[in-house]
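Just below is one structure, and these are the notes that go with it.
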Amino acid sequence: MITEISSKSNEHFRRWCDISSAKGIKKHGEFILMGEKLVAEFLENPHYKIKAELIHEDLTPLTAKISASQNMRIPVFKLPKALFKEVDVIGTHFNLLVLEPKNLAKLPTGAPQGLEIICPLGDPSNLGALARSAVAFGASRLILTEETCNPFHPKAIKASAGSILKIPLFKVGPLAEFISGNDEVFALDMKGENVGQFKWPKNLRLVLGEEGPGFSGLKGLKKLAIPSRGVESLNATVAASIALFCYSQSVRS
């Protein structure tokens, strides 16, 4: 059963347009998975609830097999290409899946388990790029502070190549409050011990500074640095990727 939508005033269409923003995702409790490769990979292991599938006249539904195997009905909506394009904000021109985000659990008390990344990143693309590196180099968790952007934002999912849907996500309060007096937190900063020479413990929490403010006003942090030439600082996610690589090489040796 395919429902056709042709009007911009349709309540479903207006909601789908709204969830291209973090505010809309929070309001409606839905996000959209976009991209041919990401959608295909997800459908092999659908670990989020599928609320709907969106297509246009040149596309065929992909969720029929899942509906049959799980004895459930996944609504399919067909839009004219002009309306589909407004929802497909990244421009994938491929089937879109409307998914239900999982509630982010509060970080359990206790010591870190493996390498946990504290990421107060407000830019969705930066958060996504970080998640991609975190998965690639074996980080165990992403810890999202109060300042962090919504991890289900389309730009975050795209930049992560889907990795942000694979790594465990946990939430905490404000960054300064969480890391204050925490002896197992190491801050990635412009000044500190060289990450290439640092003796990485197996279990630790690595915190990134947000672009701009960094760790201004926070005292007593143990700091790790990436030596560089000719630039004042590296992009936060680039620096984190280098540190993650150093960690992965250290724990393997």
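Within the group PRO61, PRO46, which residue is free of Cβ contacts under 8 Å to residues at least 40 places away in the same chain and in a loop (DSSP other than H, G, I, E, B)? Break it down into steps so the answer makes sense when it comes.
Details: PRO61 fails: free of Cβ contacts under 8 Å to residues at least 40 places away in the same chain.
Going through PRO61, PRO46 in turn, just one is free of Cβ contacts under 8 Å to residues at least 40 places away in the same chain and in a loop (DSSP other than H, G, I, E, B): PRO46.
Does GLU116 satisfy the criteria of being closer than 26 Å to LEU221 by Cα and among the charged types (D, E, K, R)?
Numbers: closer than 26 Å to LEU221 by Cα: yes; among the charged types (D, E, K, R): yes.
Considered against the rule, which asks whether it is closer than 26 Å to LEU221 by Cα and among the charged types (D, E, K, R), GLU116 comes out as yes.
Tally time: how many residues in region 128-162 are surrounded by 22 or more Cβ atoms within 10 Å (Cβ to Cβ), under 18 Å from ALA105 (Cβ atoms) and in contact (Cβ under 8 Å) with a residue 60 or more places away in the chain?
4
Considering region 30-43 alone, what residues qualify as being within 21 Å of SER125 (Cβ to Cβ) and not in a loop (DSSP other than H, G, I, E, B)?
Scanning region 30-43 gives PHE31, ILE32, LEU33, GLU36, LYS37, LEU38, VAL39, GLU41, PHE42.
Read through the list (1) free of Cβ contacts under 8 Å to residues at least 24 places away in the same chain; (2) over 22 Å from LYS27 (Cα atoms), then give the number of the only condition that ASN103 fails.
Of (1) free of Cβ contacts under 8 Å to residues at least 24 places away in the same chain; (2) over 22 Å from LYS27 (Cα atoms), only one is false for ASN103: (2).
Those residues that are assigned to a helix (DSSP H, G or I) and surrounded by fewer than 21 Cβ atoms within 10 Å (Cβ to Cβ), I need them from region 228-253; list them, please. Steps first, answer last, please.
First, the residues of region 228-253 that are assigned to a helix (DSSP H, G or I): 236-252.
Correct list: VAL238, SER241, ILE242, PHE245, CYS246, SER248, GLN249, SER250, VAL251, ARG252.
For region 64-82, does any single residue satisfy the condition of being β-branched (Val, Ile, Thr), at pLDDT 95 or above and either in contact with a Lys or Arg (Cβ under 8 Å, 6 or more places away or on another chain) or closer than 24 Å to LYS26 by Cβ (or both)? Step through it out loud before you land on a result.
Start the filter on region 64-82 by keeping residues that are β-branched (Val, Ile, Thr), which leaves 66, 74, 76.
The next check asks that each one be at pLDDT 95 or above; those that pass are 76.
Still in the list and also either in contact with a Lys or Arg (Cβ under 8 Å, 6 or more places away or on another chain) or closer than 24 Å to LYS26 by Cβ (or both): none.
No; the residues of region 64-82 include none that is β-branched (Val, Ile, Thr), at pLDDT 95 or above and either in contact with a Lys or Arg (Cβ under 8 Å, 6 or more places away or on another chain) or closer than 24 Å to LYS26 by Cβ (or both).
Give the residues of region 1-29 that are modelled with pLDDT of 95 or more, in contact with a Phe, Trp or Tyr (Cβ under 8 Å, 6 or more places away or on another chain) and not in a helix (DSSP H, G or I), sorted by residue number.
THR3, GLU4, ILE5, SER7, ILE19
Can you pull out every residue in region 199-217 that is in a loop (DSSP other than H, G, I, E, B) and either at pLDDT 65 or above or loosely packed, with under 14 Cβ neighbours inside 10 Å (or both)? Walk me through how you get there before you give the answer.
Start the filter on region 199-217 by keeping residues that are in a loop (DSSP other than H, G, I, E, B), which leaves 199-203, 209, 211-213, 215-217.
Within region 199-217, LYS199, TRP200, PRO201, LYS202, ASN203, GLY209, GLY212, PRO213, PHE215, SER216, GLY217 meet the criteria.
What do you reckon, is ASN103 surrounded by 20 or more Cβ atoms within 10 Å (Cβ to Cβ), within 24 Å of SER20 (Cα to Cα) and not β-branched (Val, Ile, Thr)?
Details: surrounded by 20 or more Cβ atoms within 10 Å (Cβ to Cβ): no; within 24 Å of SER20 (Cα to Cα): yes; not β-branched (Val, Ile, Thr): yes.
Criteria not met by ASN103.
If only one of SER140, SER133, SER180 is within 18 Å of ASN235 (Cα to Cα) and among the small types (Gly, Ala, Ser), which one is it?
Result of the check over SER140, SER133, SER180: SER133.
Only one of LEU130, LEU121 is farther than 20 Å from GLY35 by Cα, hydrophobic (A, V, I, L, M, F, W, C) and outside the structural domain of ARG14 (by TED's automatic domain parsing); which?
Values: LEU130 fails: farther than 20 Å from GLY35 by Cα.
The conditions single out LEU121.
Quick check on my filter: what residues within region 1-48 are in contact with a strand residue (DSSP E or B) (Cβ under 8 Å, 6 or more places away or on another chain) and over 27 Å from ALA161 (Cβ atoms)?
Within region 1-48, MET1, ILE2, THR3, GLU4, ILE5, SER6, HIS12, PHE13 meet the criteria.
Only residues that are free of Cβ contacts under 8 Å to residues at least 40 places away in the same chain and either touching an Asp or Glu at 6+ places or on another chain (Cβ under 7 Å) or surrounded by 15 or more Cβ atoms within 10 Å (Cβ to Cβ) (or both): list them for region 28-42, please.
HIS28
Sort out which residues of region 97-131 are within 30 Å of ALA64 (Cα to Cα) and part of a helix (DSSP H, G or I), and write them in order of number. Full working, then the answer.
Of all residues in region 97-131, those within 30 Å of ALA64 (Cα to Cα) come to 97-104, 128.
Within region 97-131, just GLY128 meets the criteria.
The values are calculated or read from the model by the stated rules, or taken from the named source; none is laboratory data. Here the structure is a predicted model, which means the values were calculated and not measured. Cβ sites come from the backbone with ideal geometry, for glycine too, and all protein chains shown count toward neighbours.
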